[in-house]
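Structure record follows, encoded as C-alpha cells.
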Amino acid sequence: MTALAEAPAPDTSVPSPDEWEAAVGAVRALPQDAQVLLVCHVNPDGDALGSMLGVALGLRRLGFHNLQATFPGAGSPPVVPEPFRWLPGLDLLVPAAAVFPAPDVLLCFDAASASRLGDLVDRLDTAGAAIVLDHHASNTRFGGIHLVDPGAAATSVVAEGLLARLGVALDPEIAECLYVALATDTGSFRFDMTTPAVHEMAARLIAAGISPGEISRRVFDTRPFGAVRLYGDVLQRAQLEPEAAGGVGLVWTYATLDDLARYGQQPYVLEPLIDSVRIAAEADVSCVVKQVGEAEWAVSMRSKGAVDVSRVAVALGGGGHRLAAGFTGRGSVGDVVASIRAQLAA
Ligand code: AMP
Ligand code: MN
Ligand code: MN
C-alpha cells in the first residue's frame, strides 16, 4: 500500500468536525443561568420557527433557564403566523425590543445573510459567541461559528445534529418543531432535496411520538374562508409569458395590501399561492409579488430546474436556493416584474 493510499481522506463533511466542536464547546462552556438568545429570519417560516423553537426546547431540557427566542419585528406580544400558533416553545418568544442587549451566546436560524436579522443584527457583535445554523448555498458566512450545510433540506437538519451532539434526546415537543421545519422546506417531502436522509430524519421525528397528519392539517391545510376567495382573485390575474427566461417561460401574479384588506386577511395567507402558480406547465419560472408597503414587495420565485432563481434573487438583493428564492422589490408591480424579466434574460 502506498503512503498516499494510507493518508486519511480529507474530511469534506459540512459542517466540519471543528465547526461542530466549536458550537458544542460554546454551549457547554456556558453556566446554566447564561443569557441565551435565539433568533430566526424576518417573516419567519416553518423552518425558521421550527428550528429555533426545537433548539430552544432542547436547551431548556439541558437546564438553561435564561432563554429568549425572537425574530426581527416581533412585537409585544410577538405574533407568529396563524398556522404556527400551536408550536411548542412559543412561550419562549419575546418582543424584539426586549431581547438581551449582549447575550452570552446567540444562535441564529435559517438566515442566509446578516440583513435577514433586521434590527437585531447588532447582537452578532454584542453576543459572547454567535452560532449560525443555516442551509442556504448563498449563506454569506456571517457570525463566528458556522453550522451551514447547503446540502441540508432544512435548517432543522442542522438543528437536529446540534441537539444530538449536545446529548438532547428527541421528545414529542422538539420533534414537532423539527418536523414542521422539515415538512415546510421540503414542500411536504416533494422537492428534489427529499433524500433518504430526509425520510430517515422524518422517521426519527415520527418515532418520537408526533402525528404527521394532524401537523399537516394545521400547517398546510387550514386557512380562513376569506383566503379562499382572495386566492381566486390573485390566481385570476396570473400572467403567462412563454418567451421569457430565454424561452422556458415565466408565470407570475401579484397581491396587494388592498387585496388583503378586501378579504380581511393577514399577509401569511399569501405564502401558499406560489405553489398554485408554479403548476403552470408552460413556464419553468414562477413568481408571486406580494405587497408589503407603499412601494415595497416581497417576491417569491420558483424554478422547475432550467433556471437558477437564486442567481436572479441575489442579483436583485435577495437570496435563497437554486429552485426557490426571493427578494424585496421596490417601485410598482410592473417595475418589479420588469427587473425579474431582465435578470432572467441576462
Ligand atoms: P419564499 O418564497 O418566501 O418561500 O422563500 C424562498 C427562499 O428564498 C427561502 O429560502 C428564503 O430564505 C429565500 N428568500 C426569500 N426572500 C428573501 C429575501 N428578501 N432575502 C433573502 N432571501 C430570501
Ligand atoms: Mn426560511
Ligand atoms: Mn430553510
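With a simple spin-label model that places each label point 7 Å from the Cα along the Cα-to-Cβ direction, the separation between residue 228 and residue 338 comes to 3.9 nm. Under the combined filter of DSSP loop state and at most 10 neighbouring Cβ atoms within 10 Å, the range 151-183 retains none of its GluC sites (Glu not before Pro). Its Cα gyration tensor gives the range 153-263 an equivalent ellipsoid. The semi-axes, each the square root of 5 times an eigenvalue, are 35, 20, 11 Å from largest down. Take every pair of alpha-carbon atoms less than 8 Å apart whose residues are at least six positions apart; their mean separation over the length of the range 240-333 yields a relative contact order of 23 percent.
Using the Cβ of residue 37 as centre and a radius below 10 Å, the other residues enclosed give a net charge of 0, where K and R count +1 and D and E count -1.
In angstrom, the C-alpha Rg and Dmax of the range 10-67 are 13.5, 40. The mean sequence distance of close C-alpha pairs (under 8 Å, at least 6 residues apart), as a share of the length of the chain, puts its relative contact order at 13 percent. All Cα-Cα distances of the range 17-220, cut into 5 Å bins from zero to the largest, leave 1, 8, 17, 23, 22, 17, 9, 3, 0 percent in each bin in turn. A Gaussian network model of the chain, with springs between Cα atoms under 10 Å, assigns the largest mean-square fluctuation among 29, 325, 97 to 29. Peptides 69-81, 44-56 ranked from most to least packed, by the mean per-residue count of other Cβ atoms within 10 Å: 44-56, 69-81.
Among DSSP beta bridges lying fully in the range 225-345, give the percent that are antiparallel, nearest 5.
75
By per-residue mean of other Cβ atoms within 10 Å, what is the highest-first order of 99-112, 200-213?
Most protected by this proxy first, the peptides run 99-112, 200-213.
The range 78-170: Rg/Rh from Cα coordinates, Kirkwood Rh? Intermediate values should be presented prior to the final figure.
Working: Rg = 13.8 Å, Rh = 14.4 Å.
Taking Rh as the inverse mean 1/r over Cα pairs, Rg/Rh reads 0.96.
Counted by Cβ distance under 12 Å from residue 241, the other residues give a net charge of -2, where Lys and Arg count +1 and Asp and Glu count -1. Short-range pairs are left out: with C-alpha atoms under 8 Å and at least six residues apart, the relative contact order of the range 17-220 is 24 percent. For the chain, the calculated P(r), taken from all Cα-Cα distances in 10 Å bins from zero up to the bin holding the longest distance, is 5, 25, 33, 24, 10, 2, 0, 0 percent.
Put in order of Cβ neighbour count within 10 Å, fewest first, the listed residues 13, 216, 156 become 13, 216, 156. For the range 238-306, the set of GluC sites (Glu not before Pro) satisfying both a DSSP loop assignment and a count of at most 16 other C-beta atoms within 10 Å is given as 243, 282, 294.
Altogether, the Stokes-Einstein calculation at 10 °C and 1.306 mPa s, with the Kirkwood radius of the range 225-345 over Cα pairs as Rh, returns a diffusion coefficient of 113 µm²/s. Taking the charge dipole of the chain about its Cα centre, with +1 at Lys and Arg Cβ atoms and -1 at Asp and Glu Cβ atoms, the residue from 54, 174, 344 reaching farthest to the positive side is 344.
Each Lys and Arg adds +1 at its Cβ and each Asp and Glu adds -1 at its Cβ; summed about the Cα centre, the range 96-207 shows a dipole of about 160 debye.
Stretching the chain fully between residue 261 and residue 192 yields a gain of 21.3 nm (0.36 nm per residue, less the alpha carbon separation).
Our note on the geometry: Cα centres of the range 121-140 and the range 219-297, 31 Å apart.
Evaluated with a Cβ-only charge set (Lys, Arg +1; Asp, Glu -1), the chain carries a dipole of roughly 500 debye about its Cα centre, given to the nearest 20. Dipole of the chain computed with +1 at Lys/Arg Cβ and -1 at Asp/Glu Cβ about the Cα centre; of 155, 186, 79, farthest Cα towards the positive end is 79.
Read-outs: derived from the displayed coordinates by stated rules, not from any lab. All of these numbers come straight from a predicted model, not from anything done at the bench. Using ideal geometry, Cβ is built from the backbone for each residue, glycine included, and neighbour counts are taken over all protein chains shown.
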